[in-house]
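The values are calculated or read from the model by the stated rules, or taken from the named source; none is laboratory data. Fair warning: this is a prediction, and the values are worked out from it, not measured in the lab. Every residue, glycine as well, gets a Cβ built from its backbone with ideal geometry; the counts of neighbours run over all protein chains shown. Heavy atoms of the whole protein, side chains included, go into the accessibility calculation; ligands, DNA and RNA do not. Shrake-Rupley method; radii C 1.70, N 1.55, O 1.52, S 1.80 Å.
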Amino acid sequence: MNAKELITGNEYWYTAGAEWVKVVFKNERINGYVFTCDGVERELHAHSVEAYIEEIR
């Protein structure tokens with residue numbers, strides 16, 4: 001997914017692992033994009049967003 005198309009508060013699939021995980025996009029920072037899953041924040045680089053984040057349809 002193109003990182004510029006992320007919408008704050010929307011849910012997305014994180015597909016890097018064996019099982020897909022629902023994550024919520026929180027905000028953009030200087031070095032990446034912050035997502036939360038079960039209260040845990042993780043920051044992903046723009047390349048990781050393009051490779052592993054998919055829109056829930």
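Look at (1) surrounded by fewer than 11 Cβ atoms within 10 Å (Cβ to Cβ); (2) assigned to a loop (DSSP other than H, G, I, E, B) and you find that M1 fails only one, number (1). Among the residues making up region 31-44, a single one is under 13 Å from L6 (Cα atoms) and either open to solvent by 70 Å² or more (accessible area, probe 1.4 Å) or of a type in the set (G, A, S) (or both): G32.
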